[in-house]
Each structure stands twice: as structure tokens, then as C-alpha cells.
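The values are calculated or read from the model by the stated rules, or taken from the named source; none is laboratory data. Since we're looking at a predicted model, the values are computed, not measured. Ideal geometry is used to build each Cβ from the backbone, glycine not excepted, and the neighbour counts take in all protein chains shown.
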2 protein chains.
Amino acid sequence: MTTLTSREVHLKSRPVGTPTADNFTLATVEVPAPGAGEVQVKNLYMTVDPYMRGRMTDRPSYVPPFQIGEVLQGGAVGEVVASGDPKFQPGDIVSSMWGWREAYVAPASTLQKIDTHGMPPQAFLGVLGMPGMTAYVGLLKIAALKAGDVVFVSAAAGAVGALVCQIAKIKGCTVIGSAGGDEKIAYLKEIGCDATIDYKKTKDLTAALMKAAPKGIDVYFENVGGEHLEAAITAARPFARFALCGMISQYNDTDASKGPSNLIQAVGKRLRLEGFIVSDHPEQQALFVKDMAEWIGSGQLKYRETVDVGVENAAGAFVKLFKGENIGKMLVKLS
Amino acid sequence: MTTLTSREVHLKSRPVGTPTADNFTLATVEVPAPGAGEVQVKNLYMTVDPYMRGRMTDRPSYVPPFQIGEVLQGGAVGEVVASGDPKFQPGDIVSSMWGWREAYVAPASTLQKIDTHGMPPQAFLGVLGMPGMTAYVGLLKIAALKAGDVVFVSAAAGAVGALVCQIAKIKGCTVIGSAGGDEKIAYLKEIGCDATIDYKKTKDLTAALMKAAPKGIDVYFENVGGEHLEAAITAARPFARFALCGMISQYNDTDASKGPSNLIQAVGKRLRLEGFIVSDHPEQQALFVKDMAEWIGSGQLKYRETVDVGVENAAGAFVKLFKGENIGKMLVKLS
């Protein structure tokens, strides 16, 4: 058992507005051999996710803020190098929240062994991990999807959105996906969206949505906020359900964000808008894995990844999320 | 059986912004004796309610708009004068949607006979009618009230709000009521609110609410919109439920209303905001009547009315709603 050298990403300063590379710094640390009950792991992939932006601001939230000068945290999959715990063996594939670093030593209790069933390990950071389960829980439980619903999905070419679109299609719904740029729109068509909206080319998002869904929408899967939310409220049919997953357009706002000016329609249309966090729904985990494995196996559900390489590029990969430069899951390959 | 003369209120022009007396006009019509299957009724009381403002604008909604030059509609209780239908007898007390007029003849199927159980007939326009059931359904079903919840109520001295406050107290909750002016605040204390906010004297509603509910709120009963909604979102605890009953501060907006700038908090806090219309919940009617009768009978629940007299003052009574000049149910006594 030997010491490893690991590079890791520290928060140098709190971003004001959109994060930049300057907010982060790289440090090199020694990762000692594991003591009793500890496991030494070399990360294979780490994830960057929009929700991490929230942790870079110092405010109360459902997860505590990152601290300046300290290493960031986030999901990662890695391979066990050495183990001081009988439950883990060298070569085991594990998932953890010890991302943003090349290697680490940690208590065995903070790791989860993954039986990959032949899937690539990084799938457990995306389609079979938190983003996949977010799509599944948000659409099926929070929005209470029914066959025949007309579903509007924003950030539809993203890690969560692209899965929402496909699950809705599998469940017999009509799906309208919004994304920015020709490549993403082509991807939305490829995964089966019935209609697409390139919001970057659209002057009036509400008009575009009403045209795509002339009878209105029953479900809105909210990843973006702002104008997308307003359009969804105007296009909503009575009793429509909105799963509020995120509002990435607002994460970097420095002034007060603009709320939906038409929220009053929620009364007359009896809309339900509900925020959710996937970790509140562990009881859905088994069903999620069973369904996703079946859908992936049968070819009904596809997933895509945008992969940058090297921990030195992790901060850059994170910044890309807010520029819409990823299709599907944004990942960083670490070894 | 004889012809009656009735004065009735017509919509003269669609209000732009806050309605004024000029938007309405009084007409005198003859009410013929009832034919077969018809009933002739003299109204005792009519109701004016904030939701009627929506019907004065020409736009699609859950009820069709009022037409210019035609008589308005709304809830009323009256006494049968003559009947061409065996189910109704002179002297019967009936409720109908034939308000805004002194008398009418109408198909028996549009009337509901009321057994008043010794209550004054106009109670069936308020505490035992639509506003009462709105409070009941919104709080218990939509907001899913639980004992121990901290409940924030806006327009808390109004027809619906004052009942919400009292039902929440009966159910073992802490209640914070917001209203404008000393008389209303005194009334809120009288009906048992644990804390009150005079929004007209408060520069920072959010700060006032956080002070009144230092640990946050679990339920918000929304009657007002605007700054009240923002304050409720900021003060909300995780998993708080918002029953969206109305947003009276915005009914007269001529420009785009300002949406809540902090709605993004609904994600992290997993808030549920749900609009509702009481008429979607007829299955609650029996339970509502049973509970309310018990609470009124035991003195646990009180109600107040603001009564103007004469159909010629009905439009003025309606306008008062938007100036906050009523405490409890706003009614017009017609005979």
C-alpha cells in the first residue's frame, strides 16, 4: 500500500455572476495509504452539475456552502487501489461524493460499491446516477406523468432533460423540447421529441410554445426559469403540473431575478408548481434502476456524454454548463 | 302570481385598472310571473367577490367573461315569491347565481333550496357558502394542513382569510395574519391570530414575517400576490405548501405584474404552490357543512360581515373590495 499524489480543485473565491476559471485553483496533495476502515481510491470520472453553483454562494440551503480555500465536493466514480476495510477490494468500482480530485482516502462508509452490470462506470454519474434519477422522480412522481400528457422540457438536451424527454416518450406522451443551437435541436429530434424549440433563435418563446402545443401543455419539467417558466404558465392547460428541478438561467443572477409575471394564472388554471430534490426520494431508487436498465437494454433510452479530460480542466467543464456547451451529461475523465 | 319590477346592475364598460362606479349602470326590468318549471324570486342579499374582477376582462378563463350591456352574475340568496315548479314554495329561501338584481324568474334547476337551520340566509353567501368552503378546501385539502404548522394568511381579515385563520387555530396551528389598518388588525387578534402584520405600516414585509415566524412558515394561504408572495417564499420552511386562492393585488394591473423574484427557492426548499378553485371540490361539501356548523355552534368560529344596502350601491361595494374597505364578507342587502 503506497501513498498517491492527487491534484484537486479548490474554491479560490466565490463567483459573482457566472463563474470563471479564476474562481478556482489547483492544488497537489499526498493521499496516504488507508488506515483501518479506510479505502484509497483513484477516481476515474467526476461530474460537474449546475446545482454546485448554489454551493459556491455563502447562504443557507439544503447543502452547506463550499468553503474558500478548500477542495470542492461532488459525485465521482473511481477504482479502489488499496483497502483497510474488508468490504472493499482493490479493483472495486465505487461511487462517492469525493469528486474534484484525482485520488483520495476516505472512510469506507462514504463509498458505495457499484456492480456495473457491464455498463461503463461513468454511467453511474449520469443516466444511472443522480441526473437519471432526477429525471425519473421529477417526471413520474412530482409531475405525476400520465399517458397522453403534453410535456414541455427546458434544457432538454442536458443530462436531466434528455432523459425526461425519452421517459415521457416511453410513457406515451407528446414531448416538446427546448434547447439552444442546431446540434442540440438535432439531438432532440434524434431522441424522439415531437417538437423542438431553439430558444436562441426564438424571439417569443411563449408564441413558439403555443405553436408547438396548440392545445396547451399538461406537464412542464423546469430546468431553466425566466422566460421558459413564463411560457409554460401561459401554455399550461388546467391542472397542469410543473416539476421544478432547477432554474439555471438564474443561478448567476447578481440582481434580483425576474419572477414569472403571469403566475396569477396558477389560480384560475389550478396549476401545481412543486420543487424537488432527488435525494428526498430514496424509495424510488430500486424502481428507477429496474426501469432504466430495461429501457437502456431494449434501446428505448439513449444517453450522451460530453467529456473533458483532466482535473485541470474540471473548472472549465463546470463553467461550460452555464454557457450551454454540453450535450447530455457533462463529465471530466480523471484517469 | 304577479309581475315584479327589478333593478339590476349592467356592465357598462370593461374596467381598465381598478373598477370605478362608471363601469356599471343600473337598469330597471320587469320580472314576469313564473311559467311551468320556473320560479320567481326576490333577492334578500347578493355577494360581491374579488374573483368577479376577472370576469370583467374579456379573456379565456374558467368562467366566461361578463358581456358589456348585460346584467352581471353572482351569488345571491332570496325568497321565493311564486313558483311554477312543485319543488319550490313561496317563502322558501334559495341560493342562486342570479345576483346583481333585486328579483328574477329562472328555471327551478338553477336554484338551490336552503335549509337555514336557524342561520341568517346571508351566511350562505359567506361562512357557509363559497368563501367558507374556499377557506376550508384551500387550507385542509390543497395546503394539507397539519397540527403544529405555522400558517401565514394574507388578506386575513377578508371573507376567506378570517375563516382560514380560525380553522387553522382550531386545527392546532400557529397563525400569522396580514391585513391593512388598525381595525382589521384588532379583528385578527380577536379571532385568535398569534401574530399580525399591518402591511400598510410595514416597509419590509419579508422582515416583518421573519420576525413573526422566526422558524419559518409551513403553509401560506395566498389571497394577495406580489410582495406577500415573495415574503412567504423567503420565510418558507422546507416542504411548505402554498394554497393559491387569489392575488387581489394584481387583479387590476394594467402592465405586466411583477412575479416573485425569489421563486427559485421553491426548488431547494421543495415548496409546493398550488392554485385551486373551490367548485372543483364538491366532495368536500358535506364535511365542510358538518365541521362549520359544529365550530359555529360551539363558538370556536366567528364571522363578520360588511353590509351595504341597496342594489344601487352594489357596484360601490364591489369597488370597496379592492380598496380593502371590508372586514369579513362584503354583502349587499337587497330587501
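General observations
- The number of residues in region A:282-335 that are among the polar types (S, T, N, Q) and either on the phi > 0 side of the Ramachandran plot or in a loop (DSSP other than H, G, I, E, B) (or both) comes to 4.
- A:Asp255 being closer than 27 Å to A:Phe24 by Cβ and more than 24 Å from the chain's Cα centre (by Cα): yes
- A:Met292 meets all of the listed conditions (1) more than 14 Å from every other protein chain (Cβ to nearest Cβ); (2) surrounded by fewer than 20 Cβ atoms within 10 Å (Cβ to Cβ) but one, namely (2).
- Filter result for the condition that a residue is acidic (Asp, Glu), at pLDDT below 95 and farther than 30 Å from B:Met247 by Cβ, over A:Glu283, A:Glu312, A:Glu325: A:Glu325
- Residue count for region A:246-266, restricted to those that are polar (S, T, N, Q) and within 9 Å of chain B (Cβ to nearest Cβ): 5.
- Picking from residues in region A:96-112 that are within 21 Å of the chain's Cα centre (by Cα) and in a strand (DSSP E or B), the one that is farthest from A:Leu11 (Cα to Cα) is A:Gln112.
- Lone unmet requirement of (1) over 27 Å from the mean Cα position of the chain (by Cα); (2) surrounded by fewer than 19 Cβ atoms within 10 Å (Cβ to Cβ); (3) part of a loop (DSSP other than H, G, I, E, B); (4) not charged (D, E, K, R) for A:Pro34: (2)
- Within region B:56-104, the set of residues being surrounded by fewer than 17 Cβ atoms within 10 Å (Cβ to Cβ), within 30 Å of B:Glu222 (Cβ to Cβ) and of a type in the set (Gly, Ala, Ser) comprises just one member, B:Ser61.
- Of the residues making up region A:238-256, those that are under 14 Å from A:Thr18 (Cβ atoms), in contact with a Pro (Cβ under 9 Å, 6 or more places away or on another chain) and crowded, with 19+ Cβ neighbours inside 10 Å are A:Ile248, A:Tyr251.
- Among the candidates A:Leu263, A:Leu244, residue that is under 24 Å from A:Val160 (Cα atoms) and modelled with pLDDT of 95 or more: A:Leu244
- Any hit, region B:108-123, residues being without any contact (Cβ under 8 Å) to a residue 60 or more places away in the chain, crowded, with 19+ Cβ neighbours inside 10 Å and under 24 Å from B:Leu331 (Cα atoms): no
- The set of residues in region A:241-279 being in a strand (DSSP E or B) and closer than 30 Å to A:Gly126 by Cβ consists of A:Arg241, A:Phe242, A:Ala243, A:Leu244, A:Arg272, A:Leu273, A:Glu274, A:Gly275.
- Verdict on A:Met119 being of a type in the set (A, V, I, L, M, F, W, C) and assigned to a helix (DSSP H, G or I): no
- Checklist (1) surrounded by 17 or more Cβ atoms within 10 Å (Cβ to Cβ); (2) farther than 25 Å from B:Ile167 by Cβ applied to B:Val278, failing item: (2)
- Filtering region B:79-98 to residues that are closer than 12 Å to B:Ser109 by Cα and touching a Lys or Arg at 6+ places or on another chain (Cβ under 8 Å) leaves B:Lys87, B:Phe88, B:Val94.
- Subset of region A:11-23 [over 21 Å from the mean Cα position of the chain (by Cα) and either surrounded by 13 or more Cβ atoms within 10 Å (Cβ to Cβ) or in a strand (DSSP E or B) (or both)]: A:Lys12, A:Ser13, A:Arg14, A:Asn23
- Hits in region B:37-55 - residues which are more than 14 Å from every other protein chain (Cβ to nearest Cβ), surrounded by fewer than 24 Cβ atoms within 10 Å (Cβ to Cβ) and more than 12 Å from B:Tyr104 (Cβ to Cβ): B:Gly37, B:Leu44
- Condition met for B:Leu273 (away from chain A (no Cβ under 14 Å) and either within 30 Å of B:Arg14 (Cβ to Cβ) or of a type in the set (A, V, I, L, M) (or both)): no
To keep it simple, each residue is scored yes or no on (1) out of contact with any helix residue (DSSP H, G or I) (no Cβ under 8 Å at 6 or more places or on another chain); (2) touching a residue at least 12 places away in the same chain (Cβ under 8 Å); (3) outside the structural domain of B:Glu325 (by TED's automatic domain parsing); (4) under 25 Å from A:Lys269 (Cα atoms).
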site	(1), (2), (3), (4)
B:Thr18	no, yes, no, yes
B:Pro60	yes, no, no, yes
B:Ile68	yes, yes, no, yes
B:Val71	yes, yes, no, no
B:Pro90	yes, no, no, no
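- Every residue from region B:198-223 that is of a type in the set (A, V, I, L, M, F, W, C) and either in contact with a Gly (Cβ under 7 Å, 6 or more places away or on another chain) or modelled with pLDDT under 95 (or both): B:Phe221
- Candidate set: region A:276-289, residues that are more than 7 Å from chain B (Cβ to nearest Cβ) and touching a Lys or Arg at 6+ places or on another chain (Cβ under 8 Å); chosen: the one farthest from A:Arg14 (Cα to Cα): A:Gln284
- When every residue of region A:128-138 is checked against the conditions, none turns out to be under 18 Å from A:Ala235 (Cα atoms), touching a Leu at 6+ places or on another chain (Cβ under 7 Å) and not assigned by TED's automatic domain parsing to the domain that holds A:Val48.
- Considering residues of region B:42-95 that are among the small types (Gly, Ala, Ser) and assigned to a loop (DSSP other than H, G, I, E, B) only, the residue farthest from the chain's Cα centre (by Cα): B:Gly84
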